[in-house]
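The values are calculated or read from the model by the stated rules, or taken from the named source; none is laboratory data. Source: prediction; values computed, not measured. Cβ sites come from the backbone with ideal geometry, for glycine too, and all protein chains shown count toward neighbours.
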Amino acid sequence: MPSAPFGLTVAYLAYPERTTLSDPHPPFSWCLETGLQAAYQLQVTAEGGATPLWDTGKVPSSHSIAVRYAGPPLESGKRYVWRVRVWTAADRARASAWSKPQSFATGKLGEWPVPSPKNDSWVNRNPLTTTDLAPESIVKRPDGSYFVDFGRAWFGTLSLKSTVEGRALVHFGERLAAKNTIDRKPPGSVCYRKAEVALKPGENAIATPAAPFPAGVRRGAVLIPPGHDEVLPFRSLELEGWPGELKKENVTLHALHQVFDDTAASFSCSDPTLTEVWKLCQHTFKASSFLGVSIDGERERTPYEADAYIAQLGHCHVERDWPLYRHTLEYLLHHPTWPTEWAHHLIFMAEADYDFTGDASVANRLWDRLEKKLLREKARPDGLLVAGAIVDWPPAERDGFGGGAIATDNRQMAAPMVNSVANAFYYKALVGMGRLAAVTGRPDTYSAEAARVRAAYLATFFDSGRGVFVDGEGSTHASLHANLFPLAFGLVPDTNKPSVRALLKSKGMACSVYAAQYLLEALFAAGDAETALKLMLAPGDRSWRHMLEMGATMTAEAWDAKYKPNLTYSHAWGAAPANLIPRGFFGLHPLEPGYGKIALRPLPGGLAWAKLTVPTVRGPLKLAFDTRGGRLAFEVTLPGNVTAEVTLPGSTTPRVLGPGTHKL
């Protein structure tokens, strides 16, 4: 008998009973431990009811994701329970046991609230929760004060429980200056604050400074949802005036975050620093989810398009929280920011959501707003955009792009006005829209335009004499950025990839944390995992090794404060390794949306061994390689309803694998 389905979601929510849905026809998805599904039966019952409202009967189908409700109309403000069982191709006669039932709640069906900075409508999102954390260590210092360390930073509040009355002064710190010492003058926007607390016997005293973003103070800041206390990011405390001996049970950090499965993903490898970098990224996604929307960090608490896309790629490789980024996408379509390329990132997000979930309904519903993000009105007759580009941020990280010339359409962006960066993004966005148009049943007016833009791009920006791309029309300068984006986005002809890759290697990490996502993508796309690994962990102050060395416990906004004086230590766009490790070193890419068919092209890049578990909408993928025996040994465990095409280094012919464990 097949195993019972597991990993149920409704509208891709793992915890639908703790939120509300607005989709009158929500999609149901489930995972299979092994095997290929041949049929399913799904039942939906009103909570407390005895008879199913909708019983599909036995449906011959391999579909185990995005099976939309098609029964009698659901009612708003009600609770329902569903379950599913399956038949597999190996045992068509016997059904599996029923899955564990999962409940879900409806809100106002058919209404899609416009996301607001007030954050006062919690629909179609996984719930927030509070984790109570005890200190990892408490040290009494010679002056009688206490140093309290929680090990890493969280967005949270603090409670102190005393047995006597008194007052204490609490210093909150996100960074250490030395052992057992908070940095009270941290760089940039890294957090340090203090608050005086009145202590009463037997009562929990909440010690948190005043809200950093009261309503209306900062335009664009997303507020703490109603019903939750204000939070700040801190990992350590210094307590002055504590009466008596301070014990762990006297101090609690209440960490606010979305519900997060710490066991959904794992990674370890022969390089302990890379393993720690992955853990840094995983923690970043959990800790920075405290608003239920992807933000740029503590300083602004504002969603930005590029930040959100890079966070989406990483977060969705460590946890099954696709709705967080659906909400963020819609938020940014209503509350956009200013850079040219940031607009295109929203199309990237919609396409990535389709790849992760196998469901293009978000792109379909938001189509008109997405299409405007192409910025087609800025195109000239040959198809190229006439627009400044942000290129990189901060501006000093642009590797001399355009000789420092300022764009005429926005002084924060760079010229030339016909440039290789904005048009690389335009090309990739057109390709994405063409793909989404096909799946949503719309005319594809984008793919042919993408081909025309590609031809104009190569004719305008490629210097055939040097084999590299220049910054813009009329330019002779070939910056790192003019070359990394076309290589990452598939604009470079195969014959020219070696010369473009050589330029990238010669320049190294001459870009910001943001552009590093695409630089490393480009290197992996060119098969150069060794250079990618060296850059990720390079000595000096421009790598993820340095993030660890400077004491960040969430990923930083910039490589160092000297490159961005107002940096935060809570910026998820710095968590790119969470997606680059599976997509780069393991070569994991979906060949079909929803990960029913995947590609695996491992590139160890100098790692002796590595092990990875990645969650997908169909279940966990477990991958491992080992080169210590003089050859690459690759082990793959695929869940049910997943097949893989595996191409090992030196081979051009993929091996096709089905569900189960395979050793190659």
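Listed by position, the helices (runs of 4 or more DSSP H) contained in segment 505-554 that have at least 2 residues being in contact with a Pro (Cβ under 8 Å, 6 or more places away or on another chain) and not assigned by TED's automatic domain parsing to the domain that holds residue 183 are 529-536, 544-549.
Of all residues in segment 395-416, those that are closer than 23 Å to residue 507 by Cβ have Cβ atoms under 6 Å from Cβ atoms of residues that are of a type in the set (Phe, Trp, Tyr) and surrounded by 15 or more Cβ atoms within 10 Å (Cβ to Cβ), 6 or more apart or on another chain, in 414/401. In this structure, residue 610 qualifies as touching a residue at least 12 places away in the same chain (Cβ under 8 Å), surrounded by 23 or more Cβ atoms within 10 Å (Cβ to Cβ) and in a strand (DSSP E or B). Among 256, 280, 223, 232, which is the only one that is modelled with pLDDT under 95, under 16 Å from residue 153 (Cα atoms) and crowded, with 18+ Cβ neighbours inside 10 Å? Sole residue among the options that is modelled with pLDDT under 95, under 16 Å from residue 153 (Cα atoms) and crowded, with 18+ Cβ neighbours inside 10 Å: 232. Could you tell me whether any residue of segment 173-191 is touching a Lys or Arg at 6+ places or on another chain (Cβ under 6 Å) and assigned to a strand (DSSP E or B)? No, because not a single residue in segment 173-191 is touching a Lys or Arg at 6+ places or on another chain (Cβ under 6 Å) and assigned to a strand (DSSP E or B).
Among residues of segment 112-133 that are outside the structural domain of residue 76 (by TED's automatic domain parsing) and over 18 Å from residue 256 (Cβ atoms), those with a beta-carbon under 6 Å from a residue that is at pLDDT 90 or above and exposed (fewer than 14 other Cβ atoms within 10 Å of the Cβ) at least six positions away or on a different chain give the pairs 114/334. Pairing residues of segment 371-386 that are more than 16 Å from residue 345 (Cβ to Cβ) with residues that are in a helix (DSSP H, G or I), at Cβ distances under 6 Å and at least 6 apart in sequence or on separate chains, gives 382/456; 383/452; 383/453; 383/456; 384/423; 384/456; 386/378. Remark: pairs (first residue in segment 190-206, under 14 Å from residue 241 (Cα atoms); second residue small (Gly, Ala, Ser) and modelled with pLDDT under 85; Cβ separation under 8 Å; 6+ apart in sequence or on different chains) = 195/207; 197/205; 197/207; 198/205; 199/205. Would it be correct to say that residue 442 is basic (Lys, Arg), out of contact with any Asp or Glu (no Cβ under 7 Å at 6 or more places or on another chain) and either in contact (Cβ under 8 Å) with a residue 40 or more places away in the chain or not assigned by TED's automatic domain parsing to the domain that holds residue 401 (or both)? Considered against the rule, which asks whether it is basic (Lys, Arg), out of contact with any Asp or Glu (no Cβ under 7 Å at 6 or more places or on another chain) and either in contact (Cβ under 8 Å) with a residue 40 or more places away in the chain or not assigned by TED's automatic domain parsing to the domain that holds residue 401 (or both), residue 442 comes out as yes. If you go through segment 379-400 and keep only what is surrounded by 16 or more Cβ atoms within 10 Å (Cβ to Cβ) and farther than 14 Å from residue 514 by Cβ, you end up with 379, 383, 384, 385, 386, 387, 388. One residue stands out among those in segment 140-161 that are surrounded by 22 or more Cβ atoms within 10 Å (Cβ to Cβ) and in contact with a Pro (Cβ under 9 Å, 6 or more places away or on another chain): the one that is farthest from residue 281 (Cα to Cα), which is 148. Note on segment 522-565: residues that are under 15 Å from residue 298 (Cβ atoms) and under 23 Å from the mean Cα position of the chain (by Cα) amount to 8. Residue pairs whose Cβ atoms lie under 6 Å apart, separated by 6 or more positions or on different chains, with the first residue in segment 73-100 and touching a residue at least 24 places away in the same chain (Cβ under 8 Å) and the second basic (Lys, Arg), are 76/108; 95/85; 96/85; 98/83; 98/85; 99/83. Close contacts from segment 1-21, counting a first residue that is at negative phi and part of a strand (DSSP E or B) and a second that is buried (at least 22 other Cβ atoms within 10 Å of the Cβ) and of a type in the set (Asp, Glu), with Cβ to Cβ under 9 Å and a gap of 6+ residues or different chains, come to 13/321. Restricted to segment 559-605, and to residues that are aliphatic (A, V, I, L, M) and in a helix (DSSP H, G or I), which residue is nearest to residue 658 (Cα to Cα)? Step by step, filter segment 559-605, then rank; the result is 581. With respect to residue 438, determine if the residue is over 23 Å from residue 390 (Cα atoms), within 28 Å of the chain's Cα centre (by Cα), of a type in the set (A, V, I, L, M) and modelled with pLDDT of 95 or more. Yes, satisfied.
Here residue 76 qualifies as at pLDDT 95 or above, of a type in the set (Ser, Thr, Tyr) and assigned to a loop (DSSP other than H, G, I, E, B).
Among the residues of segment 622-637, the ones that are closer than 10 Å to residue 608 by Cβ, assigned to a strand (DSSP E or B) and out of contact with any Asp or Glu (no Cβ under 9 Å at 6 or more places or on another chain) come to 0 in all.
Step by step: first the residues of segment 595-607, then only those that are surrounded by fewer than 23 Cβ atoms within 10 Å (Cβ to Cβ) and out of contact with any His (no Cβ under 9 Å at 6 or more places or on another chain), then the one that is nearest to residue 274 (Cα to Cα). Which residue is that? In this case the residue turns out to be 607.
Would you please name the residue that is surrounded by the fewest Cβ atoms within 10 Å (Cβ to Cβ), looking only at residues in segment 322-343 that are farther than 24 Å from residue 121 by Cβ and more than 17 Å from the chain's Cα centre (by Cα)? This residue is 338. Residue under question is residue 247, and the condition is that it be modelled with pLDDT of 90 or more and either acidic (Asp, Glu) or touching a His at 6+ places or on another chain (Cβ under 7 Å) (or both); does it hold? Spelling it out, it is not the case that residue 247 is modelled with pLDDT of 90 or more and either acidic (Asp, Glu) or touching a His at 6+ places or on another chain (Cβ under 7 Å) (or both).
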